[in-house]
Amino acid sequence: MFLGFILFLVFKGISGATFTLVNKCDYTIWPGILGKPDIGSTGFELKKGNSRSFQAPTGWSGRFWARTECKFDDSGHGTCGTGDCSSGSIDCNGIGATPPATLAEFTLGTGSQDYYDVSLVDGYNLPMMVEASGGSGACASTGCVADLNRRCPSELRTDSGDACKSACGAFGTPEYCCNGAFGSPSTCKPSMYSQMFKSACPKSYSYAYDDATSTFTCTGADYTVTFCPSSSPILKSSTDSSPKPIGSTTDGSGSNSQPPVEQAALATTSWLANLATGDSTRIQLCAAALLVALNLILSLLVYL
């Protein structure tokens with residue numbers, strides 16, 4: 001038995017890891033793959049409820065993400081609404097995701113442990129979970145299952161409302177992008193925006209130097225990357241009905257269908273974000289604060 005266990009470890013060390021991508025979204029997605037060496041695909045269609053596996057060798061380093069709202073012709077040419085890799089093709093051909101996009105990142109060890117994470121550093125487009133199986137060590141699951149598109153402040157939200165930018169993507173300043181004078185862990189600190197991401201998804205990377213609580217390790221494991229693990233109907237494919245705008249009801253009246261408490265929470269987030277970026281005057285801020293407080297009190301009274 002001991003000899004069999006040793007042979008198993010040796011085999012795993014030679015073969016690397018199997019990655020299984022699972023689509024639990026209520027719509028078709030088109031996963032993108034960027035990594036070296038090539039593992040057989042750089043992009044493909046994955047219908048609702050389907051999965052596909054890839055074998056990666058030891059030492060492989062790369063990332064997976066989901067493209068949504070894609071429109072490809074019969075020859076495989078086209079573009080996607082979120083996560084597009086700008087290749088003009090269903091194959092990404094060595095090009096990464098255009099932010100914002102939720103990323104699953106891996107570096108497989110060579111006779112050593114693997115490193116993996118789910119990153120929101122480039123923003124968010126849909127929920128994602130990474131699970132390790134058959135390995136040794138901590139091998140914890142990680143990911144972001146929250147619907148950040150609903151919680152996204154207006155200044156980070158894409159025009160379509162189908163993805164949420166990072167602060168770096170929205171503003172492009174060194175303090176948010178952790179470059180220039182802010183290019184080290186000692187100078188680049190969590191922002192109000194990254195803390196919002198971290199609060200919703202505590203195991204995910206929220207900004208460039210969020211290593212301590214966001215990087216996970218395992219040895220000799222296979223990995224499952226699940227898109228929309230809670231089957232949240234956040235986005236739709238080009239073959240499904242168009243997504244409802246944020247704040248719309250199912251009858252198309254345009255009135256906000258979110259619970260009053262969540263409305264107040266979203267208003268508070270945007271107001272605080274405006275305060276951080278200096279977009280409001282002092283009088284407007286005071287008035288907004290009073291309105292938010294009043295709305296929250298009234299909302300709570302509704303539930304009592």
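The values are calculated or read from the model by the stated rules, or taken from the named source; none is laboratory data. Given the structure is predicted, the values throughout are model-derived calculations rather than measurements. Note that each Cβ is placed from the backbone with ideal geometry, even for glycine, and that neighbours are counted across all protein chains shown.
Things worth noting here:
- A Cβ distance below 6 Å, combined with a sequence gap of six or more or placement on separate chains, defines the contacts here; from segment 51-68, residues that are in the same structural domain as ALA97 (by TED's automatic domain parsing) reach residues that are exposed (fewer than 15 other Cβ atoms within 10 Å of the Cβ) in the pairs PHE54/GLY40; THR58/THR110; GLY59/THR110.
- Of the helices (runs of 4 or more DSSP H) lying entirely inside segment 141-195, those carrying at least 2 residues that are without any contact (Cβ under 8 Å) to a residue 40 or more places away in the chain, touching a Cys at 6+ places or on another chain (Cβ under 6 Å) and on the phi < 0 side of the Ramachandran plot are 174-177.
- Selection status of CYS92, over 16 Å from PRO202 (Cα atoms), crowded, with 18+ Cβ neighbours inside 10 Å and in the same structural domain as MET196 (by TED's automatic domain parsing): yes
- Which numbered condition ILE14 misses (of (1) on the phi > 0 side of the Ramachandran plot; (2) modelled with pLDDT under 95): (1)
- In segment 79-117, the residue that is nearest to the chain's Cα centre (by Cα) out of those that are under 30 Å from GLU155 (Cβ atoms) and outside any loop (DSSP other than H, G, I, E, B) is LEU103.
- Filter result (buried (at least 21 other Cβ atoms within 10 Å of the Cβ), in contact with an Asp or Glu (Cβ under 7 Å, 6 or more places away or on another chain) and outside any loop (DSSP other than H, G, I, E, B)) within segment 196-222: TYR205, CYS218
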